[in-house]
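Worksheet for the structure shown next.
The values are calculated or read from the model by the stated rules, or taken from the named source; none is laboratory data. Keep in mind that this is a model prediction, so the values were computed, not measured. Here the Cβ positions follow ideal geometry from the backbone for every residue, glycine too, while neighbour counts run over all protein chains shown.
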Amino acid sequence: MRRTGIALLTLTLVLSLTACGAGLNASTREMKQVTDGVEASISTNGNLIKLVNIVVVETADGTGVLVGTVINSLAAEDALLGVAVNGVVATVTGTNSLPQNSPIYFEGDSANAKAIVPGLNVKAGQHVPVTMFFARAGEITVLAIVRDQRDDFAGVTA
């Protein structure tokens with residue numbers, strides 16, 4: 001009788017302490033984004049391109065500047081062919097090749113590329129579609145937030 005009681009107590013504790021009783025809407029199942037940047041990936045047809053922390057920064061003259069990282073996780077090299085922000089083609093300078101695990105950094109201390117959209121004329125707080133075109137992987141579109149030139153983005157210039 002005592003063993004049965006201990007087993008029932010243990011089972012009750014296991015179920016209640018692991019939050020199984022919380023159901024499908026448990027707070028531990030809800031993901032929260034801790035950065036402004038959006039993330040996405042192309043993982044079809046033998047590709048694995050990751051977009052990390054994609055944000056658009058508005059400058060005082062109405063220009064949009066892309067901030068973020070693009071990574072190719074597979075051995076087959078790819079290339080970034082172009083970027084469009086809110087339907088406007090960006091001028092991309094710097095590196096565009098994507099060998100395995102050699103990221104393209106837009107802005108920041110490690111920046112090796114820059115994407116500028118003159119005359120974008122969007123305001124901070126808006127969301128705009130950002131489309132990236134790749135030689136092998138095709139294209140991907142994310143809905144990125146527009147930030148102004150302050151705080152972490154104070155050094156971003158056109």
Which one of these is touching a His at 6+ places or on another chain (Cβ under 9 Å) and under 14 Å from residue 62 (Cβ atoms): 128, 117, 146, 122? 146
In segment 34-58, the residues that are within 12 Å of residue 147 (Cβ to Cβ), surrounded by fewer than 18 Cβ atoms within 10 Å (Cβ to Cβ) and modelled with pLDDT of 90 or more: 53
When segment 85-99 is checked residue by residue, the ones that are surrounded by fewer than 18 Cβ atoms within 10 Å (Cβ to Cβ) and part of a strand (DSSP E or B) are 88, 89, 91, 93, 94, 97
Evaluation of residue 31 against (1) over 28 Å from residue 145 (Cα atoms); (2) part of a loop (DSSP other than H, G, I, E, B); (3) modelled with pLDDT under 90 (one fails), failing number: (1)
Hits in segment 54-77 - residues which are more than 26 Å from residue 99 (Cβ to Cβ) and part of a loop (DSSP other than H, G, I, E, B): 59, 60, 61, 62, 63
Can you list residue pairs whose Cβ atoms sit under 6 Å apart, with the first residue in segment 74-87 being farther than 21 Å from residue 129 by Cβ and free of Cβ contacts under 8 Å to residues at least 40 places away in the same chain and the second being surrounded by 16 or more Cβ atoms within 10 Å (Cβ to Cβ) and not charged (D, E, K, R)? Count only pairs 6 or more apart in sequence or on different chains. 74/48
